[in-house]
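Values quoted throughout were computed directly from the atomic coordinates according to the rules given, and no laboratory measurement underlies them. In this text the structure is predicted, and so the values were computed from the model without any measurement. Note that each Cβ is placed from the backbone with ideal geometry, even for glycine, and that neighbours are counted across all protein chains shown.
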Amino acid sequence: MSALSDLQRQSKNKLQHDLINGVKLDKDTIDATWVVIPMFNEGSVIYGVAREVLAAFPNLVVVDDGSTDDALEQAARAGATVLKHPINLGQGAALQTGINYALQQGARHVVTFDADGQHQIKDVVAMLEMIRQENLDVVLGSRFIGKTIGMSFGRRLLLKAAVIFTKISTGLNLTDAHNGLRVFARRAALKINIQQNRMAHASEILEQIAANKMSYAEFGNTIRYTDYSKLKGQKPSNAINIVIDLMVRRLGK
Amino acid sequence: MTAQFLLTLGLCAAWLYVLTQPGVSSFLKLAMYSVIAAGVYFVWFPEHATYLANRIGIGRGADLVFYTWIIFSLGVLINIHIKMRNTLALLTQLARHTAIERPYSIPDKATAPDRQGSSSQAR
């Protein structure tokens, strides 16, 4: 039996009996959940992140966005389903590829999760419980309701500006507009159609949530900033690119 | 006179280029032909460009040609941008289709090493 199958078998039986942060998920929910991780050159961390996810959820699809390091092999070795973009298209494109794949596999819930180890599995479990209990379309992570470890003042300021921009452009009342941790019900994931290949996809997803009048709630998750994630994360100057991307797209409509 | 012949030749070449481009909308072709025709006319009758410039409040004919050229270039730029965006959308669809249809699997030879060993190499 391969390492992949062992891990999948373990995870299938694990969570329905275990309590994570006081939350218990049934086997059906776990089996019908797909976690989507977009990645680009995350060879040094993806193995650990994928193993952590697979220990809780058997269905993990990692979308490699044309990495030039060994991220592809590491993700596959960890036991994830790995899809490969032949060229680098951007995180938004990779996310949509993963969502499409998950839906094709019959996912009832689709989780988007970052590749750099910022997110916590216990938050995913709690968000899944929330989306089920409250019959929501989407649950969005919020680091400002939850907590952050190691976030710089500059980033906090930038993210707060993004919240104001989102309020103006979509009307959504959020506390965190650029959190990569999200849980979609299938009916909502089917309506998500990311056209912004690059980083503006986070705002585009929120626009689509507003446009489709999806029911949503925020969940306070924990974001753990490490030196690695800070290095890989968005630069403040990207905020300008995001706004330009969104405006150009809007003009093109 | 030599310059006028050279400029006319250049504009004729531009005309041929537009003529042979597939998939360009009739409106855009008409706009390009008009600009080229106006260019040829003003090359041979520059005083008419100055007359026209004076009528619309621009001092010199050369300035009128220059401003028109800027506007025309901006139009071309927007057209190229839209084309590039459409091409990227198609490319994304193609890449997505390929990725979903053929998930990656580790080649047999590469399955042996354990992550513990390989991780130290990767880092």
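Odds and ends about this structure:
- Put in line by how crowded their Cβ is, counting other Cβ atoms within 10 Å and starting with the fewest, B:T98, A:T170 read B:T98, A:T170.
- Remark: mean inter-chain Cβ contacts per residue of B:87-97 equal 5, using a 10 Å Cβ-Cβ cutoff to other protein chain atoms.
- Across A:K27/A:K191; A:K122/A:K160; A:K24/A:K167; A:K122/A:K213; A:K24/A:K191, pairs whose alpha-carbon gap is larger than 31 Å: A:K24/A:K167
- Distant-in-sequence amide H partners of B:Y104 (H built 1.01 Å from N, under 5 Å): A:V82, A:L83, A:K84
- Distance from the C-alpha centroid of region B:1-25 to that of region A:25-48: 57 Å, rounded to the whole angstrom.
- Summing charges over all other residues whose Cβ lies under 15 Å from the Cβ of A:V163, with Lys and Arg as +1 and Asp and Glu as -1, gives +2.
- 18 Å cut-off, amide nitrogen to a point 7 angstrom out along B:T8 Cα→Cβ, residues in region B:39-62: B:39-49
- Neighbouring partner chain Cβ atoms per residue of A:195-205, average, 10 Å criterion: 1
- Shown here are the Rg and Dmax of the Cα trace of region A:89-225, at 14.0, 41 Å.
- A simple rule links phi to the HN-Hα coupling: the Karplus curve 6.51 cos²θ - 1.76 cosθ + 1.60 with θ = phi - 60°, which for region A:40-49 gives 9, 6, 10, x, 7, 10, 5, 4, x, 5 Hz, with x for Gly and Pro.
- Dipole axis of region A:41-182 (+1 Lys, Arg; -1 Asp, Glu on Cβ), positive-most option in A:I149, A:N88, A:I164: A:I164
- The distance linking region A:179-206 with region A:102-154 is 12 Å (Cα centroid to Cα centroid, whole angstrom).
- In this structure the amide hydrogen of A:R143, modeled in the peptide plane, comes within under 5 Å of the amide hydrogens of A:N221, none closer than 5 places in sequence on its chain.
- Ranked packing of B:91-97, A:43-49, A:216-222, A:178-184, most packed first, by mean Cβ within 10 Å: A:178-184, A:43-49, A:216-222, B:91-97
- Mean per-residue shielding of peptide A:96-102 is 3, counting Cβ atoms of other chains within 10 Å of each Cβ.
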